[in-house]
1. How about region 111-123: which of its residues are in contact with a helix residue (DSSP H, G or I) (Cβ under 6 Å, 6 or more places away or on another chain), closer than 20 Å to W134 by Cβ and open to solvent by 40 Å² or more (accessible area, probe 1.4 Å)?
2. Being in contact (Cβ under 8 Å) with a residue 60 or more places away in the chain and aromatic (F, W, Y) is the filter here; which residues of region 60-95 pass it?
3. Among the residues of region 3-13, are any modelled with pLDDT under 95, among the polar types (S, T, N, Q) and in contact with a Leu (Cβ under 9 Å, 6 or more places away or on another chain)?
4. Please list, ordered by residue number, the strands (runs of 3 or more DSSP E) wholly in region 111-224 having 2 or more residues that are farther than 27 Å from Q250 by Cβ.
5. Among the residues of region 28-39, are any among the hydrophobic types (A, V, I, L, M, F, W, C) and within 16 Å of ligand 2 (Cβ to nearest atom)?
6. Can you run down the residue pairs with Cβ atoms below 8 Å, 6 or more apart or on separate chains, where the first is in region 131-144 and surrounded by 10 or more Cβ atoms within 10 Å (Cβ to Cβ) and the partner is hydroxyl-bearing (S, T, Y)?
7. Residue by residue through region 159-189, note down the ones that are under 17 Å from E247 (Cα atoms) and without any contact (Cβ under 8 Å) to a residue 24 or more places away in the chain.
8. Residues of region 84-101 being of a type in the set (S, T, N, Q), within 11 Å of ligand 1 (Cβ to nearest atom) and either open to solvent by 50 Å² or more (accessible area, probe 1.4 Å) or not in a loop (DSSP other than H, G, I, E, B) (or both), which ones?
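The values are calculated or read from the model by the stated rules, or taken from the named source; none is laboratory data. Owing to the predicted nature of the structure, the values given are computational and were not obtained by experimental measurement. Cβ sites come from the backbone with ideal geometry, for glycine too, and all protein chains shown count toward neighbours. Side chains are part of the model used for accessible areas, which takes the heavy atoms of the whole protein and leaves out ligands, DNA and RNA. Shrake-Rupley method; radii C 1.70, N 1.55, O 1.52, S 1.80 Å.
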Amino acid sequence: MDDTDIDFHCTMCGKCCHNLRLPLTVGEAIAWLERGDDVDVLCEALPWPVEPDASNAEAIYRRQRSSPTTSGSLPTRIQIVLAASFAGPCPNLGEGNVCGIYDDRPLVCRIYPAEMNPFVRLAPEHKACPPDAWQGAPLTRGGRIVDAAMVELIERSQLASRQEIETKMKVCVALGLHEAALANEGFVIHAPERSVLLDALKHSTQSTGAMSSANGDWTYVSNRMKTVNALKSVGATSVFADTFDTEAHQYLGFFEAAAEA
Ligand code: SF4
Ligand code: SF4
């Protein structure tokens, strides 16, 4: 065994079913909303002045999961995540920490604690699982997931995130959502009313047609004035987060707010 060999056995502690923004596929988001629970729309933006070299695997990965737009005169790509949001226990968590929708639970729940993003290392210290969960059956060997069924679930989730970018962008355009955080600095969290989001998702999965020319002009939001000004200096439209937060839209920053440039 080396340090990329990880063993795992779920202790059913239930910790991973609390206080989450759980990424969902479009179909899972529709089902989640139809059960009467909330889904947010998380948006992040990547400045995209030039196309990446084909050898830049991480940039290609991001490109495949984002939509082309502009922000002012800056070419920008938008990554959109539909996320089941709850404080405290998941609305589907039952007695004994049993999932109440076990057979229909989202892919991300089936995959946990493995990572969906191949560029993110599985790090037990970053997971909710208690220390005694990290023993038992082999989870990874040589940094690779051992279980073929788990690998297939990860591949399904990656395929959905590539195939659903157009549907998610259509939802944002339909709902007038065009603010995003600078990628790796935070998220803009849009919280449309449940029935409104459900209608938009259903409509967007049914309609056809290319969207790339109609993805709208997006605004960067940041809680760091330095970022706001840097983006403006390269032609983007950007605003400071404290002028932006409302009940329907929030900025979640990874870094401390800084109003000074
Ligand atoms: S859907 Fe089930 S497995 Fe997923 S967070 Fe909720 S209770 Fe846990
Ligand atoms: S936190 Fe880990 S050990 Fe606990 S229920 Fe979730 S997957 Fe199992």
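1. Y112, M116
2. Scanning region 60-95 gives a single hit, F86.
3. There is at least one residue in region 3-13 that is modelled with pLDDT under 95, among the polar types (S, T, N, Q) and in contact with a Leu (Cβ under 9 Å, 6 or more places away or on another chain).
4. Working: elements: 137-141, 179-182, 186-190, 219-222.
Result: 137-141.
5. Step one: of region 28-39, the residues among the hydrophobic types (A, V, I, L, M, F, W, C) are 29-33, 39.
Keeping just the survivors that are within 16 Å of ligand 2 (Cβ to nearest atom) gives none.
Among the residues of region 28-39, not one is among the hydrophobic types (A, V, I, L, M, F, W, C) and within 16 Å of ligand 2 (Cβ to nearest atom), which makes the answer no.
6. As it stands, the answer is D132/T11; A133/T11; T140/T4; R141/T4; G143/T4, since those pairs meet every condition given.
7. G176
8. N97
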